[in-house]
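**Student:** Once you've had a glance at the structure underneath, I'll fire off some questions.
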Amino acid sequence: MAIKKDKVDVVMIGLGWTGSILGQELTEAGLNVLALERGDMRDTNADTPYPKAVDELRYAVRGELFQDLSRETVTIRHGVNDVAVPYRQHGSFLLGNGVGGAGFHWNGMMYRNLPEELEMRTHHEQRYGKKFIPENMTIQDHGVTYAELEPFYNFAEKVFGTSGKAGNINGKIVEGGNPLEAARSEEFPLPPLKYQYSASLVDKAMREVGFHPYPTPAANASAPFTNPYGVRLGPCNYCGFCENFGCYMYSKASPQTTILPVLLKKENFEVRTRAHVTKINLDSTGKKATGVTYIDAQGREVEQPADLVLLTAFQTHNVRLLLLSGIGKPYDPVTGEGVVGKNFAYQYNGGINVLMPKGTQFNPFAGTGAGGVGMDDLNADQFDHGPLGFIGGASIRHVRYGGRPIKQTSTVPGTPNWGSDWKAGVQDAYQRYLTIGMSGSVMAYRDAYLSLDPTYRDANGQPLLRMTFNWHENEGKMLTYIGSKMEEVGNAMKPEKVFKAVRKTGSLYDTRAYQSTHLTGGAIMGTTPKNSVVNRYLQSWDVPNVFVYGASAFPQNMGYNPTGLVAALAYWSAKAIREQYLKNPGPLVQA
């Protein structure tokens with residue numbers, strides 16, 4: 001028999017970025033908020049003090065901060081008629097675990113969407129005609145515009161202590177920033193991180209080819225900064241230990257360095273760790289959530305009543321919990337009916353690798369998570385797709401993440417993988433090899449979706465989440481075109497050699513090589529219950545006291561990293577809850 005706890009105003013499932021934001025906003029509104037986190041408590045001083053934090057074997061190789069895939073994972077297949085198999089080791093994407101979630105071990109790339117990406121179908125139909133969008137492509141509008149989200153992007157950048165240079169302030173183009181970005185209301189909170197030598201060379205080459213490079217926006221503080229909550233961040237020291245690591249310098253934005261120092265001290269906030277939520281409980285009508293059921297650290301089943309249930313976990317976990325709880329109609333790729341699990345997408349990435357002449361000294365051991373040079377000339381719909389026959393683009397950037405000895409010792413193609421020749425290759429390439437990354441968008445398709453696996457179960461006996469996903473021709477055409485353009489940039493650097501790393505169109509999705517952890521869709525936002533799981537405020541159409549956050553709401557994926565939009569949507573939704581829902585509980589948008 002389940003242990004029954006006292007009722008709370010709000011229960012949140014997961015305490016990463018969105019959980020921290022919603023916890024802060026709703027406790028400020030006077031609500032009693034409980035966060036249930038399936039992993040352990042994590043904090044900078046306890047988990048990542050120097051020199052413990054810079055153990056590459058522990059964190060980058062063995063994945064100390066990642067989800068234990070032996071207890072719960074996903075299954076993956078390429079097509080609807082294939083049998084899915086479990087994802088047994090972290091490769092293509094890295095699932096976080098514990099307080100802070102992936103926000104504890106991310107790099108810090110903090111982008112705003114280009115406006116057309118939030119109105120994807122409308123924009124492309126108006127510019128190119130309805131027939132330009134392939135029949136099997138299920139892209140759609142988010143239901144909210146950039147202009148509506150701009151104040152929330154702006155506030156999130158301040159909370160995160162974001163470093164960058166504005167290129168468009170209230171419609172006025174500003175020298176040194178991104179001239180292709182949408183108008184922002186004010187400058188970044190902090191100036192951009194300093195270019196390293198390699199970034200300076202890439203910037204120069206991009207300009208010579210005719211592109212518009214700019215300093216990449218980074219949630220790595222370039223100077224001491226106090227955010228709107230009164231939390232202090234220290235300046236980045238270019239240690240090269242961002243991705244896969246907590247930041248011992250308190251420089252990289254994470255829930256632990258920006259929000260939790262304030263939130264955890266509040267009397268009306270509580271976090272329970274090692275609390276694995278298995279179901280959202282519904283009343284007899286199925287239209288109201290009464291709370292959640294979870295398994296605690298002792299293996300006991302616990303029922304937690306609540307007035308509001310917020311899904312603030314990672315994208316995959318949000319979708320799986322909706323399916324396990326029977327909230328919304330599961331998507332059927334054959335009929336096209338249903339919405340839960342629909343429009344799953346990933347990213348289609350590649351790179352241009354440049355080997356500079358002997359004697360070049362990049363000193364790659366000095367690195368940051370997100371500081372570098374980027375460009376948007378080939379992103380989203382910033383260029384004419386009409387004669388090209390594809391939709392989408394790529395965020396292009398060169399960022400020096402570091403030069404760690406195990407996983408950041410790059411060699412040129414053709415170098416042996418072991419032995420004295422490999423060692424010589426590492427030594428030769430270390431100081432003079434760089435990558436210009438292409439982070440490609442992925443559209444949504446009728447045959448790419450999430451569902452419950454009929455065969456495999458987790459340690460608690462519940463069905464695993466099943467991904468049905470493969471690359472499509474559209475994305476292959478997109479990155480082939482962009483790769484050819486970026487070869488021109490590589491050649492403009494006057495290198496010894498340029499290597500184009502773009503997979504061939506028709507290649508199968510391979511889970512072994514890391515690409516990004518930017519999984520999107522499955523609980524998408526939209527304009528009607530027929531085309532989406534949640535409305536423009538991330539409120540469930542079917543169960544109005546359930547809200548679903550994170551990248552699971554994205555109707556398709558973009559070239560940018562998702563965190564900026566995830567944070568902006570969380571603040572946008574929190575405002576709607578505080579100012580509308582609490583005064584009159586019920587649907588915020590009429591179906």
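**Student:** Is one or more of the residues making up segment 38-51 touching a His at 6+ places or on another chain (Cβ under 8 Å) and part of a strand (DSSP E or B)? Reasoning before the result, please.
**Tutor:** Filtering segment 38-51 for residues touching a His at 6+ places or on another chain (Cβ under 8 Å) gives 38.
Those still in the list that are part of a strand (DSSP E or B) too: none.
The answer is no, given that none of the residues of segment 38-51 is touching a His at 6+ places or on another chain (Cβ under 8 Å) and part of a strand (DSSP E or B).
**Student:** Can you tell me which residue is farthest from Lys407 (Cα to Cα) among those in segment 54-73 that are in a helix (DSSP H, G or I) and either of a type in the set (A, V, I, L, M, F, W, C) or under 22 Å from the mean Cα position of the chain (by Cα) (or both)? It would help to see each step written out before you state the result.
**Tutor:** From segment 54-73, those in a helix (DSSP H, G or I) are 54, 56-61; that's our starting set.
Now narrow it down to the ones that are either of a type in the set (A, V, I, L, M, F, W, C) or under 22 Å from the mean Cα position of the chain (by Cα) (or both): 54, 57, 59-61.
On the way: Val54: 13, Leu57: 9, Tyr59: 11, Ala60: 8, Val61: 8 Å.
By that ranking, first place goes to Val54.
**Student:** When Glu303 is evaluated against the numbered criteria (1) surrounded by 23 or more Cβ atoms within 10 Å (Cβ to Cβ); (2) assigned to a strand (DSSP E or B); (3) charged (D, E, K, R), which criterion, by number, is the only one it fails?
**Tutor:** Just one mismatch for Glu303, condition (1).
**Student:** I would also like to ask the following. At least 2 residues that are modelled with pLDDT of 95 or more and open to solvent by 30 Å² or more (accessible area, probe 1.4 Å) in each: list the helices (runs of 4 or more DSSP H) lying fully within segment 113-222 that qualify.
**Tutor:** 120-128, 146-160, 197-209
**Student:** Scan segment 494-538 for residues that are closer than 24 Å to Gln590 by Cβ, in a strand (DSSP E or B) and in contact (Cβ under 8 Å) with a residue 40 or more places away in the chain and jot them down.
**Tutor:** Going residue by residue through segment 494-538, those that are closer than 24 Å to Gln590 by Cβ are 523-538.
Within this subset, residues satisfying the condition of being in a strand (DSSP E or B) are 525, 534.
Correct list: Met525 only.
**Student:** For a quick check of your reading of the model, give me the residue pairs whose first member lies in segment 332-361 and is within 21 Å of Leu508 (Cβ to Cβ) and part of a strand (DSSP E or B), whose second is open to solvent by less than 10 Å² (accessible area, probe 1.4 Å) and at pLDDT below 95, with beta-carbon atoms closer than 8 Å and at least 6 apart or on different chains.
**Tutor:** Taking only residues 6 or more apart or on different chains, the pairs are Asn349/Ser516.
**Student:** Now for a separate question. Kindly list the number of the only condition in (1) free of Cβ contacts under 8 Å to residues at least 12 places away in the same chain; (2) open to solvent by less than 60 Å² (accessible area, probe 1.4 Å); (3) among the small types (Gly, Ala, Ser) that fails for Ser420.
**Tutor:** Failing condition for Ser420: (2).
**Student:** Can you tell me which condition Gly437 does not meet? The list is (1) touching a Phe, Trp or Tyr at 6+ places or on another chain (Cβ under 6 Å); (2) under 30 Å from Arg466 (Cα atoms); (3) open to solvent by 10 Å² or more (accessible area, probe 1.4 Å); (4) not charged (D, E, K, R), and all the others hold.
**Tutor:** Of the numbered conditions (1) touching a Phe, Trp or Tyr at 6+ places or on another chain (Cβ under 6 Å); (2) under 30 Å from Arg466 (Cα atoms); (3) open to solvent by 10 Å² or more (accessible area, probe 1.4 Å); (4) not charged (D, E, K, R), the odd one out for Gly437 is (1).
**Student:** Another one. Looking at segment 502-528, which of its residues are surrounded by 15 or more Cβ atoms within 10 Å (Cβ to Cβ) and hydrophobic (A, V, I, L, M, F, W, C)?
**Tutor:** Those that are surrounded by 15 or more Cβ atoms within 10 Å (Cβ to Cβ) and hydrophobic (A, V, I, L, M, F, W, C): Val502, Leu519, Ala523, Ile524, Met525.
**Student:** Return only the number of the condition from (1) free of Cβ contacts under 8 Å to residues at least 60 places away in the same chain; (2) more than 26 Å from Thr527 (Cα to Cα); (3) not polar (S, T, N, Q) that Ala183 does not satisfy.
**Tutor:** Failed condition: (2).
**Student:** Let me ask you something else. I'd like the full set of residues that are in a loop (DSSP other than H, G, I, E, B) and either of a type in the set (S, T, N, Q) or open to solvent by 10 Å² or more (accessible area, probe 1.4 Å) (or both), limited to segment 382-399.
**Tutor:** If the condition is that a residue be in a loop (DSSP other than H, G, I, E, B) and either of a type in the set (S, T, N, Q) or open to solvent by 10 Å² or more (accessible area, probe 1.4 Å) (or both), then Gln382, Phe383, Asp384, Gly386, Pro387, Leu388, Gly389 are the ones that fit.
**Student:** I would also like to ask the following. Counting just the residues of segment 568-584 that are in contact with a helix residue (DSSP H, G or I) (Cβ under 6 Å, 6 or more places away or on another chain) and closer than 20 Å to Met120 by Cα, which one comes out most open to solvent (accessible area, probe 1.4 Å)?
**Tutor:** Result: Trp572.
**Student:** Please enumerate the residues belonging to segment 277-291 that are among the β-branched types (Val, Ile, Thr) and open to solvent by 50 Å² or more (accessible area, probe 1.4 Å).
**Tutor:** Correct list: Thr285, Thr290.
**Student:** Just wondering, is there one or more residues in segment 307-326 that are in a strand (DSSP E or B), over 23 Å from Met206 (Cβ atoms) and either open to solvent by 10 Å² or more (accessible area, probe 1.4 Å) or among the polar types (S, T, N, Q) (or both)?
**Tutor:** yes
**Student:** Could you say which residue among Gly291, Gly286 is assigned to a loop (DSSP other than H, G, I, E, B) and of a type outside the set (Val, Ile, Thr)? Quick ask: steps written out before the conclusion?
**Tutor:** Numbers: Gly291 fails: assigned to a loop (DSSP other than H, G, I, E, B).
None of the others qualify; the one that does is Gly286.
**Student:** What's the number of the only condition in (1) under 29 Å from the mean Cα position of the chain (by Cα); (2) of a type in the set (D, E, K, R); (3) under 30 Å from Gln196 (Cβ atoms) that Asp458 fails to meet?
**Tutor:** Condition (3) is where Asp458 drops out.
**Student:** Also, quick follow-up: Need pairs with beta-carbon distance below 8 Å; first residue within 26 Å of Asn81 (Cβ to Cβ) and part of a helix (DSSP H, G or I) and within segment 470-493, second open to solvent by 10 Å² or more (accessible area, probe 1.4 Å) and among the hydroxyl-bearing types (Ser, Thr, Tyr); sequence gap 6+ or separate chains.
**Tutor:** Glu473/Thr505; Gly476/Thr505; Gly476/Ser507; Lys477/Thr505
**Student:** Can you name the number of the only condition in (1) of a type in the set (Lys, Arg); (2) open to solvent by 40 Å² or more (accessible area, probe 1.4 Å); (3) under 26 Å from Asn470 (Cα atoms) that Arg77 fails?
**Tutor:** For Arg77, the exception is condition (2).
**Student:** Yes or no: Arg446 open to solvent by 50 Å² or more (accessible area, probe 1.4 Å), touching a residue at least 12 places away in the same chain (Cβ under 8 Å) and under 28 Å from Tyr481 (Cβ atoms)? Step through it out loud before you land on a result.
**Tutor:** Values: open to solvent by 50 Å² or more (accessible area, probe 1.4 Å): yes; touching a residue at least 12 places away in the same chain (Cβ under 8 Å): yes; under 28 Å from Tyr481 (Cβ atoms): yes.
For Arg446, the condition - open to solvent by 50 Å² or more (accessible area, probe 1.4 Å), touching a residue at least 12 places away in the same chain (Cβ under 8 Å) and under 28 Å from Tyr481 (Cβ atoms) - is met.
**Student:** Kindly indicate whether Thr27 is over 30 Å from Asn268 (Cα atoms), in a helix (DSSP H, G or I) and among the polar types (S, T, N, Q). Steps first, please.
**Tutor:** Numbers: over 30 Å from Asn268 (Cα atoms): no; in a helix (DSSP H, G or I): yes; among the polar types (S, T, N, Q): yes.
No: the conditions fail for Thr27.
**Student:** Could I ask something else about it? Only one residue in Met493, Met467 is more than 24 Å from Gly414 (Cα to Cα) and out of contact with any Asp or Glu (no Cβ under 8 Å at 6 or more places or on another chain), so which one is that?
**Tutor:** Just one listed residue meets the conditions, Met467.
**Student:** If the requirement is being open to solvent by 30 Å² or more (accessible area, probe 1.4 Å) and in a loop (DSSP other than H, G, I, E, B), which of these qualifies: Pro555, Pro587?
**Tutor:** Only one candidate passes the filter, namely Pro587.
**Student:** Would you say Val489 is touching a Ser or Thr at 6+ places or on another chain (Cβ under 9 Å), more than 27 Å from Gly341 (Cα to Cα) and either buried (at least 18 other Cβ atoms within 10 Å of the Cβ) or of a type in the set (Ser, Thr, Tyr) (or both)?
**Tutor:** no
**Student:** Any residue at all in segment 445-467 that is of a type in the set (Asp, Glu), farther than 20 Å from Gly521 by Cβ and modelled with pLDDT of 95 or more?
**Tutor:** yes
**Student:** Next up: Any chance you could count how many residues in segment 539-552 are assigned to a loop (DSSP other than H, G, I, E, B), on the phi < 0 side of the Ramachandran plot and open to solvent by less than 20 Å² (accessible area, probe 1.4 Å)?
**Tutor:** At the first step, the residues of segment 539-552 found to be assigned to a loop (DSSP other than H, G, I, E, B) are 541-545, 549-550.
So of that shortlist, the ones also on the phi < 0 side of the Ramachandran plot come out as 541-545, 549.
Those left that are additionally open to solvent by less than 20 Å² (accessible area, probe 1.4 Å): 543, 545, 549.
The total comes to 3.
**Student:** Moving to a separate point now. Scanning segment 116-152 for residues that are free of Cβ contacts under 8 Å to residues at least 12 places away in the same chain and among the charged types (D, E, K, R), which turns out nearest to Leu538 (Cα to Cα)?
**Tutor:** Glu125
**Student:** I'd like the full set of residues that are buried (at least 24 other Cβ atoms within 10 Å of the Cβ), touching a strand residue (DSSP E or B) at 6+ places or on another chain (Cβ under 7 Å) and in a loop (DSSP other than H, G, I, E, B), limited to segment 223-249.
**Tutor:** Those that are buried (at least 24 other Cβ atoms within 10 Å of the Cβ), touching a strand residue (DSSP E or B) at 6+ places or on another chain (Cβ under 7 Å) and in a loop (DSSP other than H, G, I, E, B): Cys236, Cys242.
The values are calculated or read from the model by the stated rules, or taken from the named source; none is laboratory data. Remember, predicted model here, so these are calculated numbers, not experimental data. Neighbour counts run over all protein chains shown; Cβ positions are idealised from the backbone, glycine included. Note: areas computed on protein heavy atoms with side chains; ligands, DNA, RNA excluded. Shrake-Rupley method; radii C 1.70, N 1.55, O 1.52, S 1.80 Å.
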